[in-house]
Amino acid sequence: MRQTWTSRWKAGHTAPTFKALLHDGSELTTAKLLGKKFILFFYNHDGSETCTKEACNIRDHYRQLSKLGYAVFGVSEDSQKKHQKFISKFELPYPLISDEENQLAKLFDIYGEKEFMGRISDAVHRTTFVIDEHGIIESVIHPVDSANHYTQILESLNLSDTK
């Protein structure tokens with residue numbers, strides 16, 4: 001049985017206010033991001049095949065996203081230590097948020113029942129939020145195509161590839 005899901009957060013909504021812990025122990029807050037465009041991509045676990053594919057797709061196109069003015073943050077329930085290893089192993093140029101209690105995922109309304117390998121459990125629904133410099137959600141991407149996520153981001157913003 002496939003679970004249907006949708007977040008209450010939509011394009012045009014003001015993104016929720018948050019504070020979160022980055023992989024290096026520093027704190028990221030909505031206040032620090034005001035005036036900056038940013039991307040939050042939520043995934044399940046460092047090192048899993050699909051999540052690694054997504055993180056590396058973003059890595060491979062990070063320069064283009066930066067040229068468009070976007071800061072990028074990956075978010076999962078992994079610990080800071082696990083994030084540090086993941087960043088090092090795959091040479092990720094962007095920070096990862098450690099959401100060990102899934103508080104950020106719950107705030108963005110993307111945590112809940114999910115079917116995986118025939119079992120239903122509570123988990124993060126892989127989703128990306130693109131947020132403008134005023135804190136307004138520009139797009140919500142779900143489902144995510146991990147191997148082509150950069151293209152999905154561009155398409156969600158009605159942009160073409162900027163090599």
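The values are calculated or read from the model by the stated rules, or taken from the named source; none is laboratory data. Nothing here was measured: the structure is a model prediction, and the numbers come from that model. Reconstructed Cβ throughout: ideal geometry from the backbone, glycine too, with neighbour counts over all protein chains shown.
Structure data summary
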{"quantity": "Filter pass, Gly47 being surrounded by 12 or more Cβ atoms within 10 Å (Cβ to Cβ), assigned to a loop (DSSP other than H, G, I, E, B) and either of a type outside the set (Ser, Thr, Tyr) or at pLDDT 95 or above (or both)", "calculated": "yes"}
{"quantity": "Residue that is surrounded by the most Cβ atoms within 10 Å (Cβ to Cβ) [pool: residues in region 131-151 that are at pLDDT 95 or above and under 21 Å from Asp46 (Cα atoms)]", "calculated": "His149"}
{"quantity": "Residue among Lys82, Lys106 that alone is surrounded by 13 or more Cβ atoms within 10 Å (Cβ to Cβ), charged (D, E, K, R) and farther than 23 Å from Gly12 by Cβ", "calculated": "Lys82"}
{"quantity": "Cβ pairs under 8 Å, 6+ apart, first in region 102-114 and within 16 Å of Ile141 (Cα to Cα), second in a helix (DSSP H, G or I)", "calculated": "Tyr111/Ala105"}
{"quantity": "Residues being within 16 Å of Leu33 (Cβ to Cβ) and outside any loop (DSSP other than H, G, I, E, B) - total across region 126-156", "calculated": "7"}
{"quantity": "Residue selected from region 1-30 under the condition modelled with pLDDT of 95 or more and among the aliphatic types (A, V, I, L, M), by the criterion nearest to Gln152 (Cα to Cα)", "calculated": "Ala15"}
{"quantity": "Any hit, region 108-116, residues being aliphatic (A, V, I, L, M), out of contact with any Ser or Thr (no Cβ under 7 Å at 6 or more places or on another chain) and closer than 18 Å to Ser146 by Cβ", "calculated": "no"}
{"quantity": "Sole exception among (1) of a type in the set (A, V, I, L, M); (2) over 17 Å from the mean Cα position of the chain (by Cα); (3) farther than 20 Å from Thr14 by Cα for Leu34, by number", "calculated": "(3)"}
